[in-house]
Amino acid sequence: MLRILVLGGTAEGRQLAEKLCVATEFEATYSLAGRLVRHGESCATGGNAMGTVRIGGFGGVPGLRHWVLDNEIAAIVDATHPFAARMSSHAAQVSRELDIPLLRLRRPAWIARPDDCWLRVPDLPGAATLLSDLGERIFLSIGRQGVAAFADNRHQWFLIRSIQPPDPPLPPRHEIIVERGPFECSAELDLLRKHRIDVLVTKDSGTPATAAKLTAARLRQIPVVMVDRPAEPDHGTAFTSLDAVCRELRRLREQFG
Ligand code: NAP
């Protein structure tokens, strides 16, 4: 048995945990930060389609190191969201220190088509700065965290959509939609039309379930302010598919005997 820690928080992480759960050569623990725990992911341990699930932070690098040693983990899979930079950095540090393989599962970034109008920025403050010249009505689709970067903006109006209510502070002129994808293109077009949106701001998550807003923006010829992903840790091996991760885990299983 190869004991694996899967750091989740994405659809791919969940799918990997489900696959490993039925593979007899692995014993995987699926770990969630616990902010968006939903039905089916809410059990603390064992007995569901994802095998053993643990929920909550580890307590920084020392806590993760301790947990990995305590549970005799032989490989870590980082399947967190591309913007979950802190967890990824902690995983890289612990993997390096303990000399345990780290596999980073990342869905590919979105790619602009020639008829898209995307303006790439390095981070949310960069998006907030760029925004001032782009239009009156902004659709902010960046998740619950990070809206504070736009809080000082008194001149533009914001439609803020996230799975859970956004963290304050918020810009003074706004409307909130609490909703979880997947979203259909026709619904996204309606939303842009109904709220007379001039600009879309989003993070380059690459998530298929939320890509329809990009198609809708293209069809409405609305500019998209696209926040680039943070840099990946310079440790571990990157994979873009579930199958490739499983193949590598099998190879490690054979290597470790
Ligand atoms: P983060 O800034 O990288 O992580 C903050 C802290 O949350 C970490 O230091 C860790 O706490 C804990 N944590 C994060 N992921 C964890 C996991 N899989 N298992 C156990 N603890 C975890 O990440 P975040 O942006 O807060 O994201 C939290 C979770 O939401 C991640 O699992 C991520 O995949 C998911 N998510 C993030 C985004 C986004 O845009 N950032 C979007 C959708 C989903 P300790 O230091 O105490 O260990």
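All of the numbers you see were taken from the coordinates with simple rules; none came from a lab. All figures in this text were calculated on a predicted structure; none of them were measured in a lab. Positions of Cβ are generated from backbone atoms using ideal geometry, with glycine treated the same way; all protein chains shown enter the neighbour counts.
Residues with amide H under 5 Å of Lys203's amide H, sequence separation 5 or more or different chain, H placed in the peptide plane at 1.01 Å from N; which?
The list, which skips near neighbours in sequence, is Val227.
I need the semi-axes of the equivalent ellipsoid of segment 43-105: take the C-alpha gyration tensor, multiply each eigenvalue by 5, square-root it, list largest first in whole angstrom.
In descending order, the three semi-axes are 19, 14, 12 Å.
Are there chymotrypsin sites (Phe, Trp or Tyr not before Pro) in segment 164-257 that DSSP puts in a loop and that have at most 13 other Cβ atoms within 10 Å, and which ones?
Phe256
Can you run phi through the Karplus equation (6.51, -1.76, 1.60; θ = phi - 60°) for segment 238-244 and list ³J(HN,Hα) in whole Hz, with x for Gly and Pro?
In residue order, the calculated couplings are 8, 10, 10, 10, 4, 4, 5 Hz.
Can you give me the orientation-averaged projected area of the convex hull built on the Cα atoms of segment 104-211, in nm²?
In nm², the orientation-averaged hull projection of segment 104-211 is 7.3.
From the residues Leu131, Ser88, Gly146, which one has its Cα farthest along the dipole of segment 81-153 in the positive direction, the dipole being from +1 and -1 charges on Cβ of Lys/Arg and Asp/Glu about the Cα centre?
Ser88
Could you line up Met50, Met87 from fewest to most neighbouring Cβ atoms inside 10 Å?
Going from sparsest to densest Cβ surroundings: Met87, Met50.
For Ile138, enumerate residues with amide H under 5 Å from its amide H, sequence gap 5+ or separate chain, H modeled in the peptide plane.
When sequence neighbours closer than 5 places are left aside, the close amide H contacts are Trp157, Phe158, Leu159, Asp198.
Taking the Cα centre of the chain as the origin and placing charges on Cβ (Lys, Arg +1; Asp, Glu -1), which of Ile177, Gly8, Ala33 is farthest toward the positive end of the dipole?
Among Ile177, Gly8, Ala33, the one farthest towards the positive end of the dipole of the chain is Ile177.
Using amide H atoms built 1.01 Å from N in the peptide plane, name the residues 5+ places from Trp118, or on other chains, whose amide H lies under 5 Å from its own.
HN-HN under 5 Å from Trp118: Val224.
Would you kindly derive the ³J(HN,Hα) couplings of segment 112-120 from the backbone phi angles with the Karplus curve 6.51 cos²θ - 1.76 cosθ + 1.60 (θ = phi - 60°), listing them in order in whole Hz, with x for Gly and Pro?
6, 8, x, 8, 7, 10, 9, 10, 7
Counting other Cβ atoms within 10 Å, which GluC sites (Glu not before Pro) in segment 131-240 have at most 12 and lie in a DSSP loop?
On the way: sites: Glu136, Glu175, Glu179, Glu184, Glu188; in loops: Glu136, Glu179, Glu184.
Loop-located and lightly packed - Glu136, Glu179, Glu184.
May I have the pair-distance distribution P(r) for segment 119-176, computed from all Cα-Cα distances with 10 Å bins from 0 and rounded to whole percent?
24, 62, 14
Using only alpha-carbon positions, what ratio does the radius of gyration of the chain give when scaled by 2.2 N^0.38 Å?
1.09
To the nearest 20 Debye, how big is the dipole of segment 76-144 about its Cα centre, given +1 on the beta carbon of each Lys and Arg and -1 on that of each Asp and Glu? The partial results should precede the final answer.
On the way: 9 positive and 8 negative charges, 39 e Å.
Dipole of segment 76-144, to the nearest 20 debye: 180 debye.
By counting other Cβ atoms within 10 Å of each Cβ, how are Lys19, Lys213 ranked from fewest to most? Intermediate values should be presented prior to the final figure.
On the way: Lys19 17, Lys213 24.
Ordered by Cβ neighbours within 10 Å, fewest first: Lys19, Lys213.
Just to check I understand the Karplus step: with θ = phi - 60° and J = 6.51 cos²θ - 1.76 cosθ + 1.60, what whole-Hz values come out for segment 121-127, glycine and proline as x?
Couplings: 10, x, 7, 5, x, x, 5 Hz.
With only alpha-carbon atoms counted, please give the Rg and Dmax of segment 172-257, in Å.
19.0, 60
For segment 58-155, restrict the atom set to alpha-carbon positions and state the Rg and Dmax in Å.
18.7, 54
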